[in-house]
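Notes follow once the structure below has been shown.
Nothing in this text is a laboratory measurement; each read-out follows from the coordinates by a stated rule. Small disclaimer: the values here were computed from a predicted structure and weren't measured. Note that each Cβ is placed from the backbone with ideal geometry, even for glycine, and that neighbours are counted across all protein chains shown.
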Amino acid sequence: MSFCFSALDLYCHIPTAHMGVWSPGGRRGKYQTLGASSPAFPNIPLSFSGSGERIENTLEAFHHALSQGTNLLELDCQLTRDGVVVVSHDNELLRQTGRDIKITETNYADLPPYKDSLEVTFSPGSFSHGDDHRIPRLEEVFQQFPGIPINVEIKEDIDELIQKVANLVRQYERSHITIWASFEGKILKKCCAANTEMPYIFSLSRGILILLLYYVGLLPFIPLKESFLEFVLPSIMNRTYFPVKRGKLGALLAKFSYKMTMRKKLLKHLEDRGIQVLLWVLNEDKDFEEAFSYGVSGVMTDYPTRLRKYLDAHPPLFNE
């Protein structure tokens, strides 16, 4: 799933789950600014579940990502008709299962399996395969990965869904390692109210706000409560999936996003305040290299093995 500023998606909706590996804590600043604090997950590489090497959002995909050194999973939650919280990027299941039904209108026991293969959205023409085709319950994920940080994205404005996720997080005593994520400010506000102990990302509106504050020089004086900033790497916009038409409009949006967001001073300022920056969705070595050249905390990718090999070949990334 990523301006988490998605820039600015401009936060666009990510139609698949993703994996990434973050450098350990990034480069820590030497000066203090208003609101400075420690990163939510310091001194460990962070990662996200991949959809390029296994069927997305399955337990098999999460286990595979962890086998490649992943230690932060990203997933999306939906609520079935009978009130079960499940892990799925989409509420509408046509793309994933071939059945034109919605999770919100289907009981958990009646959910269909995923297709034998799914196209990788950010690698058009590539398909993922796997043995696991079952839509899992969020509780299963918490049970199988008790000590792994998890980024939980809520796309649907459903009070019962938000409250049940919050309750499960408390039940499994993982508020300190579970991140609230939503690009919708209204939804994110409800999430934070449901469990105030969980760290959370910038919504789209808050992401745009910090850009404005940065360019008028007021950002150092404004307190920030968010712990994570996630946004799309502008250079991939016209090369992979992005919800705008390619051509002049897409090129203009990519150029504007690059000029506005890819500022080392801005990213460094946020990092110095304990805010970890994540770029998505990167599937090629040149994209990994570009992202880490800006000193970001980490990246999302559909290919955890590919990113793992890149990081192993570039150990200085973890020693800056």
For Lys155, list long-range residues whose amide hydrogen, built 1.01 Å from N in the peptide plane, is under 5 Å from its own amide hydrogen. Cys77
Using R₀ = 30 Å, calculate the FRET efficiency as 1/(1 + (r/R₀)^6) where r is the Cβ-Cβ separation of Lys248 and Lys286; round to 0.05. 0.80
Per-residue Cβ contact counts at 10 Å, fewest first, order Arg54, Arg239, Arg137 as Arg239, Arg137, Arg54
Quick one: length gained pulling Leu209 to Glu140 fully straight, 0.36 nm per residue minus the C-alpha distance? 21.1 nm
At 7 Å along the Cα-to-beta-carbon direction for both Glu92 and Ser67, put a label point, then send me their distance in nm to one decimal. 3.5 nm
Cα centre as origin, Lys/Arg/Asp/Glu Cβ charges: the stretch 137-253 dipole, Debye: 540 debye
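Within a 10 angstrom radius of the beta carbon, how do Met237, Met300 rank from fewest other beta carbons to most?
Result, fewest neighbours first: Met237, Met300.
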Selection of GluC sites (Glu not before Pro), the stretch 155-251, meeting DSSP coil and at most 12 other Cβ within 10 Å: Glu173, Glu197
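Under 1.5 on a/c is rounded, so check that first for the stretch 106-211, then, if it is not, pick prolate when a/b is larger than b/c and oblate when it is not; a ≥ b ≥ c are the square roots of the alpha carbon gyration tensor eigenvalues. It would help to have the intermediate numbers written out before the result.
On the way: a/c = 1.86, a/b = 1.31, b/c = 1.42.
Here the stretch 106-211 falls in the oblate category.
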Once all Cα-Cα distances of the stretch 182-320 are split into 10 Å bins that start at 0, what whole-number percent is in each one? 10, 37, 36, 16, 1
Full extension from Arg239 to Asp82: what is 0.36 nm times the residue separation minus their Cα-Cα distance, to one decimal in nm? 52.5 nm
First measure r as the distance between the Cβ atoms of Leu218 and Ser293, then evaluate 1/(1 + (r/R0)^6) with R0 = 22 Å and state the FRET efficiency to the nearest 0.05. 0.20
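If you take every DSSP beta bridge whose two residues both sit in the stretch 46-312, what share of them, in percent to the nearest 5, is antiparallel? Mind showing how you got there, number by number?
Details: 8 of 26 bridges.
Once the DSSP bridges in the stretch 46-312 are tallied, antiparallel ones form about 30 percent.
What is the Cα convex hull volume of the stretch 46-312 when expressed per residue in Å³?
Numbers: hull volume 35.1 nm³, N = 267.
Looking at the stretch 46-312, the number lands at 131 Å³ per residue.
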How big is the stretch 169-235 in terms of Cα radius of gyration and Dmax, in angstroms? 13.6, 44
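Roughly speaking, what is the stretch gain from Gln171 to His129, that is 0.36 nm per residue apart minus the C-alpha to C-alpha distance, in nm to one decimal?
Working: separation 42, 0.36 × 42 = 15.12 nm, distance 3.30 nm.
Using 0.36 nm per residue and subtracting the Cα-Cα distance, I get 11.8 nm.
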